[in-house]
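I have placed the structure first, in the form of structure tokens, so that the comments after it can refer back to it.
The values are calculated or read from the model by the stated rules, or taken from the named source; none is laboratory data. What you see is a predicted model, and the numbers here were worked out from it, not measured in a lab. Every residue, glycine among them, receives a Cβ derived from its backbone with ideal geometry; neighbour counts consider all protein chains shown.
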Amino acid sequence: MLGSILIISGPSGVGKSSLCKEMFKEVDNSFFSISTTTRGIRAGEQNGVDYHFVPKEQFESDIENSKFLEWAKVHNNYYGTSIASVKNAIDKGKLIVFDIDVQGFELVLKSEFREFCTSVFIAPPSIGALEKRLLNRATDSKEVIDNRVKNAKDEIAYIPKYDFLIVNDDLDKASLDLITIAKSAKLKPKSYNLKSLSSSI
């Protein structure tokens, strides 16, 4: 079998990381795609583990040389996914999980990997609840939080384009839903060698 791609999108602070942590415990042969970014490294992060941190000039050069499956500029920083790493994961039969914004999602759907993709949008129970989570997290300034809330309102408009929607108002239930979606993503016909299958029936 070939691998598959699970695209996860949702506003900052909606709980994507917590949900994925639970999913990886239950879904074999799956891993996070490590994005490349130009933003500064934060306390506790490791280069090559959390992100591939590169200078802006290198990222822009890679854009010109078509080395990214998808890329976007978010909060004045670039983020992108290497084409080479995706091909390698699919060839090895892995489920590669993308945590990308709606811009990146649309780019992936225009790529050669579209048929390998399953997409899910993680939404907060309300914009007010999201703002409260961001404030309680206490990692960003009020200005940054206001900007994230504004972006969240724009992102929610893209929900109808996704295969699935999870409203994260109960972590345990949302985790089970995501696990179910991830397992189903590995069963798409594109992941099978259909010529070999038909010859054996």
For this session: Return a yes/no flag: does segment 152-175 have any residue that is surrounded by 13 or more Cβ atoms within 10 Å (Cβ to Cβ), out of contact with any Lys or Arg (no Cβ under 9 Å at 6 or more places or on another chain) and over 23 Å from residue 23 (Cβ atoms).
Result: no
Exercise. Just a yes or no: is a residue in segment 19-34 on the phi < 0 side of the Ramachandran plot, assigned to a strand (DSSP E or B) and in contact with a Ser or Thr (Cβ under 9 Å, 6 or more places away or on another chain)?
Worked result: no
For this session: Identify the residue in segment 24-52 that is in contact (Cβ under 8 Å) with a residue 12 or more places away in the chain and of a type in the set (D, E, K, R) and, among all such residues, is farthest from residue 77 (Cα to Cα).
Result: 26
Exercise. Considering segment 53-111 alone, what residues qualify as being in a loop (DSSP other than H, G, I, E, B), free of Cβ contacts under 8 Å to residues at least 24 places away in the same chain and polar (S, T, N, Q)?
Worked result: 65, 66, 76
For this session: Note down all Cβ pairs under 7 Å where the first residue falls in segment 160-188 and is assigned to a loop (DSSP other than H, G, I, E, B), the second is at pLDDT below 95 and exposed (fewer than 14 other Cβ atoms within 10 Å of the Cβ), and they're at least six residues apart or on different chains.
Result: 169/125
Problem set entry | Of all residues in segment 74-126 being small (Gly, Ala, Ser), farther than 17 Å from residue 154 by Cβ and exposed (fewer than 14 other Cβ atoms within 10 Å of the Cβ), the one that is modelled with the highest pLDDT | 93
